[in-house]
Amino acid sequence: MAQETLKKFEGKNKEDNLKQPEIGSIPEDWEVVRLGEVAYFETGKRMKGGALKSGEVFSIGGEHITDDGDIKFEPLRFVSKDFYLRMKKGKIKIGDILICKDGAKTGKTAFVRHLPYQYCAVNEHVFIVRSKKTNRLINQFLFFFIYSRYGQTQIRDVFHGLIGGITQRDLFNLLIPLPPLPEPRKITRVLDKIHQAIELQDKIIEQAKNLKKSLMQKLFTEGFCGEEQKETEIGLIPKSWEVVRLGEIGIFEYGYTETALEEDTGIKFLRITDIKDNGLILWNEVPYCKISETKFKKYQLKNGDILFARIGATTGKTCFIESPPKSVFASYLITLKIKTDVYKKFVYYYTQTPIYWSQVEANKEGKLKKGISATLLRTFKIPLPPLEEQKQIAHILSVLDKKIEVEQKRKQVLKELFKTMLHKLMSGK
């Protein structure tokens, strides 16, 4: 069967001794088989009334499969132990391959490396794929191919319906290159080693973020000098600190309304969507706009400006402007320009604390699609230490931010290496 499949799809490239089936060029001694010849599939189901918010058995759907080929165990979804025990299919094991079968995440795949719960099952939106050979390394090799652009291209080619979707038959017919033993083992070990390095980077980044979070909580309530605390309307703060409103330390302004352009006008046009979750701005990806000289002076972004997202899912998100190109900000953003007697970076870090976010959540205005206004922001309360202590606190948190940034760049380098090696190894190069 495998040889018939190969003859059907292969072409010859005599110069480099590579076959050229639908999946691309592969070495002469590799086979091409259908996934259904070497693996079997099953899917799960969900309880009547939907998933539970707590329980013993974690229920995995498409929303739990990440772009990196992993599983995130949030949001929390559970089925009852009794329901799980009655399930004939859909029970997850270490070494399984998971593939999202429909919806926006169709084709996304993950390899089950570990399970934080004793019992896990997939719902009706996810396939489990298991090699017919009880060998985790073979299963992992199959996963790496399905995850590669060769596998993902085949899946995209058989999408059904407007929002996509794949059937068990589609998976059965997926073409898989199989090198002779022990090649799958060698390939899997190389790719898995890089993946483990990426996972380690994730842990390092997470630890740095957690350290920053706990330090922020401590510094914004206990201060840097270890002095006695006092009770205030925003909680405990050092005795020498004040509580002031944001409107007392700076000026809020709404952004500029205009159409974003790809054409280079010399003026960048920063929008909510250009600000990443960590407050990072990739200026080379920010579009341009047309604006008069007078309006440019009014809306120009300058060093030390703090931008607030005022509407939508990211309401309250902020970013700190440092060394910007010639640029203005869009109307769904509000800028805060700080007075000179307050350290600007300290105020920015305040916008990452629970003190700030509790005020955002309490003051979202329904008529603004759960947004916030400049008027509301002016009323927000901030704990304000003496200027030197503001600088010390901001410096400590800046050092941690730089650490996180360095580790994220290392992770990105590893991800690029993984992508390159995946492409090469899955084509036998």
Tell me whether region 299-407 comes out rounded, prolate or oblate; compute the Cα gyration tensor, take square roots of the eigenvalues as a ≥ b ≥ c, and use a/c under 1.5 as the rounded threshold. prolate
For n ≥ 4 DSSP H runs only, could you compute -39500 (n - 2.57) per run for the chain, divide by its residues and tell me the 222 nm figure to the nearest 500? -11500 deg cm²/dmol
For region 75-84, in order, what is each residue's ³J(HN,Hα) by Karplus, 6.51 cos²θ - 1.76 cosθ + 1.60 with θ = phi - 60°, in whole Hz (x at glycine and Pro)? x, 6, 9, 9, 10, 6, 4, 4, 4, 4
Checked against the positive end of the charge dipole of the chain (+1 on Cβ of Lys and Arg, -1 on Cβ of Asp and Glu, about the Cα centre), the farthest of Ala330, Asn139, Ile26 is Asn139
In whole percent, the Cα-Cα distances of region 242-383 spread across 10 Å bins from 0 upward as 12, 45, 33, 10, 0
Interchain or sequence-distant (5+) residues whose placed amide H lies within less than 5 Å of the amide H of Glu28 are Lys19
Report the relative contact order of region 242-383, percent, no decimals, based on alpha-carbon pairs under 8 angstrom and at least 6 residues apart. 34
Share of antiparallel DSSP beta bridges in the chain, in percent to the nearest 5? 85
Convex hull over the alpha-carbon atoms of region 99-156: what's its volume per residue in Å³? 102
How much length is gained on full extension from Arg245 to Arg130, taking 0.36 nm per residue of separation minus their Cα-Cα distance? 35.5 nm
Taking Lys93 as the anchor, which aspartates and glutamates have their alpha carbon closer than 13 Å to its alpha carbon, excluding any fewer than eight residues away along the same chain? Glu42
Compactness index (Cα Rg / 2.2 N^0.38 Å), the chain: 1.22
Which distance in nm do the two modelled labels at Asn363 and Leu76 give, with both placed 7 Å along the Cα-to-Cβ direction? 3.1
Under a Cβ-Cβ cut-off of 14 Å, what is the net charge of the residues other than Gly107 that fall near it, where Lys and Arg count +1 and Asp and Glu count -1? +1
With the contact rule set at Cα under 8 Å and sequence spacing of 6 or more, what percent relative contact order holds for the chain? 15
Out of residues 5 or more away from Val33 or on other chains, whose amide H comes under 5 Å of its own, with H placed 1.01 Å from N in the peptide plane? Ile176, Leu178
Excluding Pro287 itself, what net charge comes from residues whose Cβ is under 14 Å from its Cβ, given Lys and Arg +1 and Asp and Glu -1? -2
Under Karplus coefficients 6.51, -1.76 and 1.60, residue-wise ³J(HN,Hα) of region 51-60 in Hz, glycine/proline x: 6, 8, 8, 8, x, 9, 10, 6, 9, 9
Using the structure shown, list the pairs from Lys213/Lys337; Lys230/Lys402; Lys276/Lys302; Lys45/Lys101; Lys203/Lys345; Lys298/Lys337 with a Cα-Cα distance above 21 Å, or answer none. Lys213/Lys337; Lys230/Lys402; Lys203/Lys345
Label-point separation (nm) for Phe296 and Asp68, each offset 7 Å from Cα along Cα-to-Cβ? 4.1
What is the sum of charges, Lys and Arg at +1 and Asp and Glu at -1, for the other residues whose Cβ falls under 9 Å from the Cβ of Tyr332? +2
Would you work out the charge dipole size for the chain about its Cα centre, treating the Cβ of every Lys and Arg as +1 and the Cβ of every Asp and Glu as -1, and quote it to the nearest 20 debye? 820
Would you pull out the residues with amide H under 5 Å of Lys108's amide H, same chain only if 5 or more places away, H placed 1.01 Å from N? Cys100
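Readers should treat all values here as calculations from the given coordinates under stated rules, not as data from a laboratory. No experiment lies behind these values; they were computed from the predicted model shown. Every residue, glycine among them, receives a Cβ derived from its backbone with ideal geometry; neighbour counts consider all protein chains shown.
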